[in-house]
Amino acid sequence: MSDATCRPGALAGHPKGLYVVSFTALWERFSFYTMRGIMTLYMTYVAFKALGEKEAGAYAVAVYGAYLGFVYATPLLGGMLADRLLGQRRAIYIGGALMALAQFLLAAHAWLVVRCEAPVESLQWLFFLGLSLLSTGNGFFKPNISTMVGALYETADTRRDTAFNLFYMGINIGALAASFSAGFAQKFGWELGFLLAGAGMIVGMIIFACGRKTIEGRGMPPDGASLLKVGRLGLPNGILLLLGIAACIPLFAYLISRPGWVQNLAVIIAGPVLLYLLWEVTRGTREEAGRMIVILVLCGFSVVFWGFYELAGSTITLFTQEVVDRNVLGMEVQAAFLANFVNPLLVIGMCIPAAAVWVWLDRRRLEPSSPLKFVLGLGFLSLGFVMLLLGAKEAQAADTGKCAMIWLILGFFFHTTGELCLSPVGLSTITKLSPARLVGLFMGVWFISSALGNVLAPWVAGSAEGRPFDFVFTRIAVITAVGAVVLLALVPLLKRMMHGVK
């Protein structure tokens, strides 16, 4: 028996707190992906139906992108508040409460519009308030639940990588379970999906609260930090926090309802941020400068990858609903289920074999460098959209206007392969290449790049303008393929600029 297994409070070689945190994240992901599975369909056919189906679909895709932009941008603020004031535990509780409330507000919107036949135009504020609460709560929850995993282990503890693999597996189990609840909601009532999502979030928070002792004192507020302590403006920190949240929620709701504004705002903000980062590059040593430039280049390409990859929750879901033949053994499979079932199933099935392949290649000194893994990620993403394009072309030629389900499955297969090439290496590369004084900054840049991609992708692809699926998939396949080729050409230079970091 190993020493790890014999340690007090350990279960199967890991702290019991790992399982508490992992199950909390599992249920939060169940909540998120249940909502994600039905969101674009709900917007298209219910919330925005007065616009007409084509216009409603385009607006839904744009709103979804704007919402995801806030989902990926707010963790930067949530992480900073946890580090300086709240600690990870309080931030997780705040985030969970806000997200549960948001899901129940969305359920109320669905109930009033569908069951009570209330005028949908008069309840738009309730819908966007729900999306704003979700993105705000996610900012508190997302960065801090992941931080809790790392906090359970010492820096040199060899179990850390395995712990994150278990955590990642739990997330995908939650996403896989959510595909069933999303399909159930599409068939029996949209409000049921949001209710299940809210209930899932509450279950996760109960698990976290009941298992708090297993976390062994981690995630507490920093020394000297207190919500009662008087801060700026002569007000207690707790009051300032509440005022800040109260100000952000209506602002986010207003902006999400105007996705074109969010797109313009993202472009405006990106310029000064890039200039500041380039200034930081000039302050570093030759090695630091080279490595920081590599980070900026990889983050630029991650904008492309994640922006188009996340269209799974919007454009690809609508494609599944409208174009894919979902008849299986004489029964029609719900689009909300199918579009959200394949990817997590493939991740769960392929995650361990993919990790084994990298280990096998590393032992033979053949493992690709981080930039080359990014190239593979973009290349596989492009192949996935080629599969979807072939499906769209088949549907155009068919009398039924439908395509075989295999094109959707192949599309998700290549997207998942690309994810497994790029996603695990992303944050690891950032931490390895960043100067110690700027690790937090560049981690924030990584999340902001995902936010920027999600805001801009629908417009770049044309899906926010209601373009046909074949046009959208062709454009994305070309952009990602060109991106892969350009990055491949840069790989030798980037490897030299990494100065020995793999």
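Structural remarks
- Simple spin-label estimate for Glu332 and Trp279 in nanometres, 7 Å along Cα-Cβ: 5.8
- Summarising the amide proton neighbourhood of Cys403: residues at separation of 5 or more, or on other chains, whose placed amide H is nearer than 5 Å comprise Val324, Asp325.
- Under-16-angstrom lysine pairs by C-alpha in region 267-502, whenever the two are 8 or more apart or on separate chains: 6
- Helix-derived mean residue ellipticity, 222 nm - over the chain, DSSP H n ≥ 4, -39500 (n - 2.57), to 500: -26500 deg cm²/dmol
- Test item: Cα-centred dipole of region 224-310, Lys/Arg +1 and Asp/Glu -1 on Cβ, debye: 240
- For region 470-500 and region 345-407, distance of Cα centres in Å: 16
- For region 267-502, the fraction of C-alpha pairs more than 27 angstrom apart is 39%.
- Computed over the chain, the range of Cα coordinates on each principal axis works out to 62, 53, 53 Å, biggest value leading.
- Per-residue Cβ neighbour rank within 10 angstrom, fewest leading, Met80, Met331: Met331, Met80
- Gap separating the Cα centres of region 291-308 and region 239-287, nearest whole Å: 17
- Taking the three principal axes of the alpha carbon atoms in region 176-285, the coordinate ranges are 56, 43, 37 Å, sorted in descending order.
- Each residue of region 219-229 is assigned a 3J(HN,Hα), and the resulting list reads x, 7, x, x, 4, x, 7, 8, 5, 8, 5 Hz, derived from the Karplus form 6.51 cos²θ - 1.76 cosθ + 1.60 (θ = phi - 60°), x at Gly and Pro.
- Size descriptor, Kirkwood hydrodynamic radius, that averages inverse alpha-carbon separations across region 14-257, Å: 18.7
- Legend: ranking of residues Val267, Val491 from fewest to most surrounding C-beta atoms inside 10 Å; resulting order Val267, Val491.
- Derived from the Cα gyration tensor, the three semi-axes of the equivalent ellipsoid of region 216-353 are 39, 27, 21 Å, largest first.
Values quoted throughout were computed directly from the atomic coordinates according to the rules given, and no laboratory measurement underlies them. What you see is a predicted model; the values in this text were computed from it and never measured. Don't worry about glycine lacking a Cβ; one is built from the backbone with ideal geometry, like all the others, and counts go over all protein chains shown.
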